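Okay, so here's the structure we're looking at.
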Amino acid sequence: MSRADKIREALAQSHGAHWHPTDAYSRAVWLGVGLVAAGLFLHQAELVLFGVPLVLSVLLTHKPKGTPTVSVRPVPRGAGAGVVHTVAHVDGADAEIAVVKLPGGVKAVPAHSPDLPVEVRRDAWGPGVDLRLDHLFAGPDGLHVYGPVVGVEHARTILPPVDHHPAGPLPPRPGGLVGSHRSPRPGDSTELRDIRAFQPGDRLRRIDWRVTTRTGTVHVRERHAESDAEVVLALDTRVDVSADVAEWSSPHRGATTRPDGSLDRAVRHAASMAAGYLRQGDRVALTDLSRPQLNVRSGVGRRQLMRIRTQLVVCVQAAGWASTVALRKLPHGAVVVLLSPFLDDQIAELAVQARKHGHVVLAVDTLPLPLRPDPETPWGEVAAELIAAEHRLRLRRMAEHGVRVTAGC
């Protein structure tokens, strides 16, 4: 027996995982013996007649043997959000009734019933426990029970969803050899770059016969080359806020992020944008602005998308406030997609500095708008208006420095 099995067995024993008499058994013993003794002492035959059946029921009922179990078919790892059907197999040994705690409530079933279907529902992405079947087995007449036993937790990590939409055009960049974006260099795409005089090495199929006939000298059509793009998704995980300003000071419980909050929006947009750019052959990297050890290097293909979606969950698990943010080791000519609610000047200054260094910066605003003020605070409306005004000034300043600002709906 391995060490893990020994620990699991010790935990099971500590939670009452053995056959033991119930309160009904104790009451039957004490009440039956008491009635018989009282009847003999008081010479009352009626008391003896009431007590003897209770004593016989205890003497004739044997203690069940065997180890009843509840085994669960694990939830598929590739299952996404929604309803997932799984199966629990109940092996009751000498038991008659099994009481199982299902996600929808407690259910009593025969101990030797066929497989029990279980519906598991998860609407949010991220890590979590999908199923844990706590159970209890009862023997004949309910005089002995096995348990209660705390079931084994079956956890599943749901990756952020991907909304399939076009990734959008990107500006020309000098790097790359193949792809779907126009490059300043001459090449073999369909977009016309220039018409110039024929030079040694030019292909005959590029000759522009209309210009050649009009000028009397041979001219050729020069076209742009197509290249791939280097996209860096920069995620701001320092804050996670919702539209209710009153909830900003309290942590959210029960989910990975606040539903439809700034971090939830940022992760969903990052996953969708990564899927769109990777689909058209671009190279995509992921950067956590406050925790560079969680970064994902640039890559292409479906494996890169799975790697980015998985790392997004890891970044959210390690999310928290950090005093500094930084963009490190950006490739030359990279397109930086900055996803943040832009609630402080430091993140806006980071976007401006990246633009001044020659990078194309796209700022995706993930702040849920409009903000709802705190109704229990007299200055709640003023605070919400002040936050919104400062937020608009940051976006305007970034736009004035060449940062392309868009709202993450």
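The values are calculated or read from the model by the stated rules, or taken from the named source; none is laboratory data. Keep in mind that what you see is a predicted model, and the values were worked out from it rather than measured. Heads up, the Cβs are rebuilt from the backbone with ideal geometry, glycines too, and the neighbour counts pull from every protein chain shown. Note: areas computed on protein heavy atoms with side chains; ligands, DNA, RNA excluded. Shrake-Rupley method; radii C 1.70, N 1.55, O 1.52, S 1.80 Å.
Each row is one residue, and each column tells you yes or no for (1) within 33 Å of the chain's Cα centre (by Cα); (2) free of Cβ contacts under 8 Å to residues at least 60 places away in the same chain; (3) over 27 Å from T61 (Cβ atoms).
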{"residue": "K107", "(1), (2), (3)": "yes, yes, no"}
{"residue": "S113", "(1), (2), (3)": "no, yes, no"}
{"residue": "V120", "(1), (2), (3)": "yes, yes, yes"}
{"residue": "A124", "(1), (2), (3)": "yes, no, yes"}
{"residue": "D134", "(1), (2), (3)": "yes, yes, no"}
{"residue": "F137", "(1), (2), (3)": "no, no, no"}
{"residue": "P140", "(1), (2), (3)": "no, no, no"}
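Based on this model, can you work out whether L312 counts as open to solvent by less than 40 Å² (accessible area, probe 1.4 Å), under 24 Å from V129 (Cα atoms), in contact with a helix residue (DSSP H, G or I) (Cβ under 6 Å, 6 or more places away or on another chain) and not hydroxyl-bearing (S, T, Y)?
Yes; evaluated as a whole, the condition is true for this residue.
Residues being of a type in the set (D, E) and farther than 25 Å from T157 by Cβ: count how many of those fall in the range 90-131. If you could, list the steps in order and put the result at the bottom.
Filtering the range 90-131 for residues of a type in the set (D, E) gives 91, 94, 96, 115, 119, 123, 130.
Narrowing the set further to residues that are farther than 25 Å from T157 by Cβ leaves 91, 94, 96, 115.
Qualifying residue count, the range 90-131: 4.
For residues that are closer than 30 Å to A271 by Cα and out of contact with any Lys or Arg (no Cβ under 9 Å at 6 or more places or on another chain), scanning just the range 78-126, find the one that is modelled with the lowest pLDDT.
My answer is G78.
Those residues that are part of a strand (DSSP E or B) and surrounded by fewer than 21 Cβ atoms within 10 Å (Cβ to Cβ), I need them from the range 317-344; list them, please. Steps first, answer last, please.
As a first pass, look at the range 317-344 and keep what is part of a strand (DSSP E or B): 335-340.
Matches in the range 317-344: none.
Does V314 count as part of a helix (DSSP H, G or I) and either touching a Pro at 6+ places or on another chain (Cβ under 9 Å) or of a type outside the set (S, T, N, Q) (or both)? Outline the logic, then answer.
Values: part of a helix (DSSP H, G or I): yes; either touching a Pro at 6+ places or on another chain (Cβ under 9 Å) or of a type outside the set (S, T, N, Q) (or both): yes.
Yes, satisfied.
Could you grab the pairs with beta carbons closer than 7 Å, sequence gap of 6+ or different chains, first residue in the range 83-103 and open to solvent by 30 Å² or more (accessible area, probe 1.4 Å), second one among the polar types (S, T, N, Q)?
Note: pairs meeting the criteria are H89/S71; D91/T69; A93/T67.
Are any of the residues in the range 132-155 under 30 Å from L263 (Cα atoms), in contact with a strand residue (DSSP E or B) (Cβ under 6 Å, 6 or more places away or on another chain), at pLDDT below 85 and buried (at least 19 other Cβ atoms within 10 Å of the Cβ)?
no
With the requirement that a residue be open to solvent by 20 Å² or more (accessible area, probe 1.4 Å) and either touching a His at 6+ places or on another chain (Cβ under 6 Å) or not in a loop (DSSP other than H, G, I, E, B) (or both), what does the range 117-129 give you?
Listed by number, the residues that qualify are P117, E119, R121, R122, P127, G128, V129.
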